[in-house]
Amino acid sequence: TAAISLNGLAKTYANGKVALGGIDLDIPRGSIFGLLGPNGAGKSTMINILAGLVNKSAGTASIWGFDIDANPRNAKASIGIVPQEILFDAFFTPFETLELQAGLYGVPPKQRRTMEILRAVRLDDKAHTYSRTLSGGMKRRLLVAKALVHNPPVLVLDEPTAGVDIELRQQLWDYVRELHAGGTTVVLTTHYLEEAEALCDRIAIIDQGRMVANDLTHTLLATA
Ligand code: ADP
Ligand code: ADP
């Protein structure tokens, strides 16, 4: 089974906008997969459907073999999502944010790896500082940490380096590579070809809610 499988996945918003026109896609386990496309292509809509934030209009989606309608709990447990927007409760510390998330996911206290995860994203020295005092880059790393609390086999990052400076981008790329080396299947959306090229072994290109390519990165670039 694929890490993520979409069949005829479609979304028309309430205003009539067709964001996804029926997408078929299998993302293999163990890959670093890039969803590449211009702004408005439908990338966030796809991620938000997987995250349970947007209802699909038609089609099916499964995560790690679990259909999001038939088996939402297992589907949700199998995926960690790093959203594009940085939104935190300013009066929670990173430690509290991760503990709260662990609670939401039913991770028993003894199995929580809160400090270990904070160390991995180099926020351990900020563990007990209010989040409002964190820099933008630190907040972004906290978002990644939050998505990893329940140890999901699939990590999805929505435009992870949009508006991020070069140094932090490099750090995030390195960390994504580490996670992948550790066995996590990674999916990221981006509108930067260079980002997909640098990180991803496979790339799917979507445009106006349609899939226009899906291939190994080097094959795709050879024919571009
Ligand atoms: P749905 O109920 O179809 O999932 P939403 O609740 O997500 O739709 O959105 C409600 C309304 O918000 C939409 O019909 C639209 O008018 C507006 N809206 C929100 N985001 C956008 C956007 N990015 N572009 C255009 N309209 C938007
Ligand atoms: P991307 O992430 O690739 O930039 P999106 O999934 O955000 O693309 O958007 C796909 C299309 O759907 C765009 O035309 C966008 O304006 C529209 N859209 C997104 N959210 C809504 C919404 N809630 N209501 C109406 N249209 C939306």
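FYI, it's all coordinate maths here, none of it is from the lab. This one's a predicted model, so the numbers in the text were calculated from it and none came from an experiment. With ideal geometry, Cβ positions are generated from the backbone for all residues, glycine too; neighbour counts draw on all protein chains shown.
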With an 8 Å Cα cut-off and a minimum separation of 6 or more residues, compute the relative contact order for the stretch 139-224 in percent. 23
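Under the definition of Cα pairs under 8 Å and six or more residues apart, what whole-number percent is the relative contact order of the chain?
Numbers: 425 pairs, mean separation 64.5, N = 224.
Rounded, it is 29 percent for the chain.
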Over the Cα atoms of the chain, each weighted equally, I'd like the Debye log10 I(q)/I(0) at q = 0.08, 0.10, 0.18 Å⁻¹, rounded to two decimals. -0.28, -0.44, -1.39
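With all distinct Cα pairs included, what does the Kirkwood hydrodynamic radius of the stretch 14-100 come out to in Å, to one decimal, could you say?
Values: mean 1/r = 0.0659 Å⁻¹.
Kirkwood hydrodynamic radius for the stretch 14-100: 15.2 Å.
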With charges set only on the Cβ (+1 for Lys and Arg, -1 for Asp and Glu), what does the dipole of the chain come to about its Cα centre, in debye to the nearest 20? 560
Using only alpha carbon pairs under 8 Å that are at least six residues apart, calculate the relative contact order of the stretch 8-134 and give it in whole percent. 19
GNM, the chain, Cα, under 10 Å: largest mean-square fluctuation among Leu168, Leu87, Leu193? Leu87
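Could you give the C-alpha radius of gyration of the stretch 97-138 expressed as a fraction of 2.2 N^0.38 Å, taking N as the number of residues it contains? Could the numbers behind the result be given before it?
Details: Rg = 11.0 Å, N = 42, 2.2 N^0.38 = 9.1 Å.
In units of the globular-protein estimate, the stretch 97-138 measures up at 1.21.
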Give me the number: length gained by fully extending Thr12 to Arg132, i.e. 0.36 nm times residue separation minus the C-alpha to C-alpha distance, one decimal in nm. 39.6 nm
